[in-house]
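Engineer: One structure is given below, represented as structure tokens, and several questions about it will come after.
The values are calculated or read from the model by the stated rules, or taken from the named source; none is laboratory data. Nothing here was measured: the structure is a model prediction, and the numbers come from that model. Because the Cβ atoms are built from the backbone with ideal geometry, glycine has one as well, and the counts that use them run over all protein chains shown. All accessible areas refer to the heavy atoms of the entire protein, side chains included, with ligands and DNA or RNA removed. Shrake-Rupley method; radii C 1.70, N 1.55, O 1.52, S 1.80 Å.
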Amino acid sequence: MNVKLREFLDGKKFDSKETFRTFQYTLQNFQKVTEEGGGDLNHLTEFDIKYYFQKREDKKISTKQKEYSIILSFLKYHSWQDRMNVIEYPEEKVVSLERKSIDNIDIAKIKREIEKMNRKLNGDWKKGGKMRVALIYTLIYTGLRVTELVNLNKDDLDIRERTGTIQVIGKGNKSRTVPAPKELRRKLTEYLSEREDNSPVLFISNREQRISVRNVQDILARLNDHCGFKKGTIHPHVFRHTFLYQTAKQVPLTTLTQLAGHDDPKTTMIYTTPNLQEVGEKLDNLYEE
């Protein structure tokens, strides 16, 4: 082991053997990559630091953050921390939602077109029409993943006159409860009132089988065409993005994380970032009194 690494490991106090082993492994790997790049740990340069992190570019953000902290600690011990100035602390990249959500005007068009598609010329409902409308409203008002949507059963609903909830089984078989707003409760009630079968499944096909993800995709593809949108504009996940993006304006991050079914609030934080149009609107009156 390099003498500089040994000095650091011998001189630093660690709170556990596991922490020591993590530092040791990371720094030995740092030495190996540096030397492979033609560097020398005894005479580190900014280039050597940059070279190492370029080689780690494909690693998870949490891994890069841990390595950054360990290497910076090593550099500070030897008063070399200025050589880390070329590297910024690794952070999650904020993903723009510009193309992943749709606006309120498009939501209104979707509501109008899904009903027009599922009514006959005389105004009566087509077979399965109320189901398809209720399905679209569920996507709009809950932000469910498509797999969560198709796996819903009737007893997952708790629909009352003034309130309602839906019990959802998400990733990792984790359960969460999401509210069912008034508009959604009305569409679900209208749909279930015409059900005469004994199936426990919430959304069923005309053959009285649980609707599939492919069925949902086909419904949305036809709806997309009826709305006159560019091909692929609406799909299951765009409703989820739109719901979470709009809800982020109304509720705290912790609540949004629960509604989304995320384990880590950092995953949800992208929905709290204003899009460019909103930023532009705020800047319109920036210097006006």
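Engineer: Kindly establish whether residue 105 is open to solvent by less than 30 Å² (accessible area, probe 1.4 Å), free of Cβ contacts under 8 Å to residues at least 40 places away in the same chain and over 27 Å from residue 267 (Cβ atoms).
Structural biologist: Taking the combined requirement at face value, the residue does not satisfy it.
Engineer: With the requirement that a residue be closer than 18 Å to residue 128 by Cβ and either touching a helix residue (DSSP H, G or I) at 6+ places or on another chain (Cβ under 7 Å) or of a type in the set (A, V, I, L, M, F, W, C) (or both), what does the stretch 181-197 give you?
Structural biologist: Correct list: 187, 188, 190, 191, 192, 194.
Engineer: Take residue 76 and tell me if it is in contact (Cβ under 8 Å) with a residue 12 or more places away in the chain, in a helix (DSSP H, G or I) and either within 28 Å of residue 264 (Cβ to Cβ) or of a type in the set (Lys, Arg) (or both).
Structural biologist: For residue 76, the condition - in contact (Cβ under 8 Å) with a residue 12 or more places away in the chain, in a helix (DSSP H, G or I) and either within 28 Å of residue 264 (Cβ to Cβ) or of a type in the set (Lys, Arg) (or both) - is not met.
Engineer: Kindly indicate whether any position in the stretch 93-112 is part of a loop (DSSP other than H, G, I, E, B), within 20 Å of residue 217 (Cβ to Cβ) and modelled with pLDDT of 95 or more.
Structural biologist: no
Engineer: Right, another one. Being open to solvent by 50 Å² or more (accessible area, probe 1.4 Å), within 26 Å of residue 267 (Cα to Cα) and part of a loop (DSSP other than H, G, I, E, B), is that true of even one residue in the stretch 1-17?
Structural biologist: No: the stretch 1-17 contains no residue that is open to solvent by 50 Å² or more (accessible area, probe 1.4 Å), within 26 Å of residue 267 (Cα to Cα) and part of a loop (DSSP other than H, G, I, E, B).
Engineer: Right, here's the next one. In the stretch 213-239, which residue that is at pLDDT 90 or above and among the small types (Gly, Ala, Ser) is farthest from residue 133 (Cα to Cα)?
Structural biologist: 228
Engineer: Name the pairs whose Cβ atoms lie under 7 Å apart, with the first residue in the stretch 59-71 and within 13 Å of residue 30 (Cβ to Cβ), the second outside any loop (DSSP other than H, G, I, E, B) and of a type outside the set (Asp, Glu), and 6 or more positions between them or separate chains?
Structural biologist: 67/26; 70/23; 70/26; 70/27; 71/30
Engineer: Taking the criterion of being over 18 Å from residue 141 (Cα atoms), open to solvent by 70 Å² or more (accessible area, probe 1.4 Å), assigned to a helix (DSSP H, G or I) and not β-branched (Val, Ile, Thr), would at least one residue in the stretch 224-241 satisfy it?
Structural biologist: yes
Engineer: Take the stretch 18-50 and flag every residue that is open to solvent by less than 50 Å² (accessible area, probe 1.4 Å), touching an Asp or Glu at 6+ places or on another chain (Cβ under 9 Å) and either closer than 18 Å to residue 82 by Cα or assigned to a loop (DSSP other than H, G, I, E, B) (or both).
Structural biologist: 30, 34, 37, 39, 41, 48
Engineer: Moving to a separate point now. Out of the stretch 70-86, which residues are modelled with pLDDT of 90 or more and open to solvent by 60 Å² or more (accessible area, probe 1.4 Å)?
Structural biologist: Within the stretch 70-86, the first condition is being modelled with pLDDT of 90 or more, and the residues that meet it are 70-80.
Within the stretch 70-86, 76, 77, 79 meet the criteria.
Engineer: Kindly indicate the residue of the stretch 200-217 that is basic (Lys, Arg) and loosely packed, with under 12 Cβ neighbours inside 10 Å and also farthest from residue 139 (Cα to Cα) among those meeting that condition. Talk me through it step by step, then tell me what you get.
Structural biologist: First, pick out the residues of the stretch 200-217 that are basic (Lys, Arg): 207, 210, 214.
Of the ones still in play, those that are also loosely packed, with under 12 Cβ neighbours inside 10 Å are 207, 214.
Numbers: 207: 22, 214: 15 Å.
Checked the stretch 200-217; the qualifying residue farthest from residue 139 (Cα to Cα) is 207.
Engineer: Scan the stretch 156-199 residue by residue and report those that are open to solvent by 70 Å² or more (accessible area, probe 1.4 Å), farther than 21 Å from residue 256 by Cβ and either out of contact with any Phe, Trp or Tyr (no Cβ under 9 Å at 6 or more places or on another chain) or touching a residue at least 40 places away in the same chain (Cβ under 8 Å) (or both).
Structural biologist: 160, 161, 162, 173, 189, 193, 194, 196, 198 - these are the residues of the stretch 156-199 that are open to solvent by 70 Å² or more (accessible area, probe 1.4 Å), farther than 21 Å from residue 256 by Cβ and either out of contact with any Phe, Trp or Tyr (no Cβ under 9 Å at 6 or more places or on another chain) or touching a residue at least 40 places away in the same chain (Cβ under 8 Å) (or both).
Engineer: Residue 150 versus (1) among the β-branched types (Val, Ile, Thr); (2) touching a strand residue (DSSP E or B) at 6+ places or on another chain (Cβ under 7 Å); (3) surrounded by fewer than 19 Cβ atoms within 10 Å (Cβ to Cβ): which is the lone unmet condition?
Structural biologist: (3)
Engineer: Suppose the filter is more than 30 Å from residue 224 (Cα to Cα) and in a helix (DSSP H, G or I); does residue 59 pass it?
Structural biologist: no
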